[in-house]
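Below is one structure; the comments refer to it alone.
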Amino acid sequence: MNKKITVLPGDGIGPEIVAEAVKVLDKIAKKYGHSFEYTYVDIGGCSIDKYGVPITDEGMALCKSADSVLLGAVGGPKWDSCPANIRPEKALLAVRKELGLFANLRPTKLFSQLADASPLKKEIVGGGIDLLIVRELTGGVYFGERKTEEVNGELVAVDYMPYSEHEIERIGRVAFETAMKRGKRLASVDKANVLDTSRLWRKTMHRLSEEYPQVEYSDILVDNTAMQLIKNPTQFDVLVTENMFGDILSDEASMLTGSIGMMPSASLSSGTLGMYEPIHGSAPDIAGMNIANPLGTILSAAMMLRYSFDMAKEADDIEAAVNKVLDAGYRTCDIMKDGCTKVLCDQMGELVIANI
Ligand code: IPM
Ligand code: MG
């Protein structure tokens, strides 16, 4: 198969980790007779520096016309003082919105080889954490109207959090369908004891749950979810939630594994176009040092093969190679422990390639 991939390396460690994922994709292309054509586009701080905007219109068009998009990371302290409308993160939100990437899948898996890295006690992580957060990505408070104005002599800021039934229903469907392919358990996270958006969310999820009787469905309040993720994380299979709750809970969940550098993510549209990125950030403190962990990005590339290109065998191949490299004791510094062999970012990439 011939596929066009728009590559957005971004800022900080983005270019280093993306380079390794692209090498891995090249190896897959060679082994399975595919051809992947890459177009590179600046996004985030590097684009602000060059063009004065976090992504250009041409760059956005190249994302829209691709078969899929691979992203490193955006942002860094250098651009923290930029005005709100040209911050690096603005480009990320714009790509999500313009490409219609409403479904964000964030798997959190404790690799057995890295069990010691979890900050939780062994009795709690038990048989292993393997959960998936399905986060709504193009609605809610991230995209609602916002303003700051003077009222009675002081500033008042408002951020609206709108959700319509169709937005809730389409993310709900993704969650139920995904749960059907996994452990068939779905918890919907809301704040229905306070918010109207959450009450509509819950009502819509209940209606959908009747269509999926095989899925064991439950509602859980977001504050309780935050607690349960620490207390008993293995109770969860799939969690579905709105944009901001998903942002917060997915950071919490990823930390349960102790190795945020390993976690991939996929942002999907109603078609096959998707954007794939590691869930960690741009780590400006270690940028350019060739010590970042490229595995989160490499596993994101595997998700791209699985979800956008329907190449399950190829995706399995990458995931198996990552497991073999970990089994053989190779570690980047973020997951290093005694008795293992420390490797650099590009060496980790090469090791994965050698195992494909
Ligand atoms: C994420 C990030 C983004 C978000 C930021 C960078 C805008 O935290 O992908 O989780 O809040 O969605
Ligand atoms: Mg986040």
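The values are calculated or read from the model by the stated rules, or taken from the named source; none is laboratory data. Just so you know, these numbers come straight off a predicted model, no measurement behind them. Counting neighbours? That spans all protein chains shown, and the Cβs are built from the backbone with ideal geometry, glycine included. These area figures cover heavy atoms from the full protein model, side chains too; ligands, DNA and RNA do not enter into them. Shrake-Rupley method; radii C 1.70, N 1.55, O 1.52, S 1.80 Å.
Overview of values
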| item | result |
| --- | --- |
| Protection-proxy order for peptides 155-162, 107-114, each taking the mean of Cβ atoms within 10 Å per residue, highest first | 107-114, 155-162 |
| His166-Asn85 FRET efficiency (beta carbon distance; Förster radius 41 Å; 0.05 resolution) | 0.90 |
| Taking segment 119-256 and dividing mean pair separation by its residue count, relative contact order in percent (alpha carbons under 8 Å, at least six apart) | 38 percent |
| Set of aspartates and glutamates near Lys184 by C-alpha distance (under 15 Å), chain-local residues within fewer than 8 positions excluded | Asp130, Glu210, Glu211, Glu216, Asp219, Asp237 |
| Accessible-area composition of segment 119-256, carbon plus sulfur, in percent [1.4 Å probe] | 52 percent |
| 3J(HN,Hα) from dihedral phi, segment 309-316, Karplus parametrisation 6.51/-1.76/1.60, rounded to Hz, x for glycine, proline | 10, 6, 10, 5, 5, 5, 5, 4 |
| For segment 119-256, accessible area per residue (1.4 Å probe, heavy atoms of protein chains only), Å² | 50 Å² |
| Given Lys4/Lys97; Lys90/Lys324; Lys121/Lys203; Lys30/Lys324, the pairs whose alpha carbons are separated by over 27 Å | Lys90/Lys324; Lys121/Lys203 |
| Burial order of peptide ranges 31-44, 66-79 (average beta-carbon count within 10 Å, highest first) | 66-79, 31-44 |
| Mean Cβ count within 10 Å, highest first, over the residues of peptides 270-280, 225-235 | 270-280, 225-235 |
| Cα-centre dipole for segment 119-256 with unit charges at Cβ (Lys and Arg positive, Asp and Glu negative), debye to 20 | 640 debye |
| Considering only the chain, percent of DSSP beta bridges that pair antiparallel, nearest 5 | 40 percent |
| Angstrom value of the Kirkwood radius, inverse mean 1/r, which spans all Cα pairs in segment 119-256 | 16.0 Å |
| Rg/Rh (Cα only; Kirkwood hydrodynamic radius) as it applies to the chain | 0.96 |
